[in-house]
1. Which one is surrounded by the most Cβ atoms within 10 Å (Cβ to Cβ) among residues in segment 166-184 that are in a loop (DSSP other than H, G, I, E, B) and without any contact (Cβ under 8 Å) to a residue 40 or more places away in the chain?
2. All but one of (1) in a loop (DSSP other than H, G, I, E, B); (2) at pLDDT 95 or above; (3) surrounded by fewer than 16 Cβ atoms within 10 Å (Cβ to Cβ); (4) not basic (K, R) hold for G127; state the number of the condition that does not hold.
3. Can you name every residue in segment 84-112 that is within 25 Å of N40 (Cα to Cα), in contact (Cβ under 8 Å) with a residue 60 or more places away in the chain and in contact with a strand residue (DSSP E or B) (Cβ under 8 Å, 6 or more places away or on another chain)?
4. Restricting attention to segment 186-204, and to residues there that are surrounded by fewer than 17 Cβ atoms within 10 Å (Cβ to Cβ), without any contact (Cβ under 8 Å) to a residue 40 or more places away in the chain and among the charged types (D, E, K, R), which single residue is farthest from R68 (Cα to Cα)?
5. Checking the structure you have, find out if any residue of segment 138-152 is modelled with pLDDT of 95 or more, on the phi > 0 side of the Ramachandran plot and within 15 Å of the chain's Cα centre (by Cα).
6. Could you grab me the full set of residues in segment 34-83 that are without any contact (Cβ under 8 Å) to a residue 24 or more places away in the chain and touching a helix residue (DSSP H, G or I) at 6+ places or on another chain (Cβ under 7 Å)?
7. Is it true that I210 is of a type outside the set (K, R), part of a strand (DSSP E or B) and surrounded by fewer than 17 Cβ atoms within 10 Å (Cβ to Cβ)?
Amino acid sequence: METFKINRKIAHLIILQRIELSGKFLNRLRRIFGRYLFTNFFSRYLINVKYIAKMYFHLMNKEYLSLRKYFEGKKYFLCIGSGVGGLEVIINNHSIKNFTFIEKDYVSKKVKYGWDSLNKEGYNSIGELDFFLQSNSLKRENYKLLNFDLDSLPIRKFEVILSLYSLDYHYDFEIYKDYLAKVSDKNTVIIFDTIRPDYFLKIFENVDIIKEENKTVHKSKRIVCRDFKK
């Protein structure tokens, strides 16, 4: 497997979720014409679907290789803001897992990147996420899809909680803090990107920085956290 199976709608979502895949041309159009036209026209129609499928696969495979040691022996995953689920597909291709996805189910008219204190920005479709997962061989019995704004969140223990470039990167960790404390134990691995890693030293017993991103405007660190402090 060297690429994903996607359609134009999914390619559009991928571009919105992983802006680094849009390339210099689309980024220039976004700067010139603004976020509305970029969100609703340029990122929808001026794209090469096959190229995006291949580049997204390579990006997700790179993420998998950097994180796979944290997945060994784990089966139950909670995935918050995972986009169309490319990383989860690759994880599952190596070893069958059980995934619970928590997602937004709309695309903002003018997608805004950066900190969202109200957690109102959205750039996903649960229907397209479902289609992508099944198209790329993740069986329906191995995942659940939840709408953050409408569905009750499950109370059960998860072994891995994943939220790359979402939780505490775009919106405040506090939104999920109490919930994550309920669905994790001292062995749960919680992986996310943040602009304030030191903040979590008072929340978790163990905090490890495993990646630093300094080449973008929104500089961040990827951390692995375990065991909420009582």
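1. So the residue we want is D168.
2. (1)
3. Hits for segment 84-112 are V107, S108, V111.
4. That would be K202.
5. The answer is no, given that none of the residues of segment 138-152 is modelled with pLDDT of 95 or more, on the phi > 0 side of the Ramachandran plot and within 15 Å of the chain's Cα centre (by Cα).
6. Matches in segment 34-83: F42, L46.
7. yes
The values are calculated or read from the model by the stated rules, or taken from the named source; none is laboratory data. The structure presented is a predicted model; accordingly, all values stated were derived computationally and were not measured. Cβ atoms come from the backbone with ideal geometry, glycine included; neighbour counts cover every protein chain shown.
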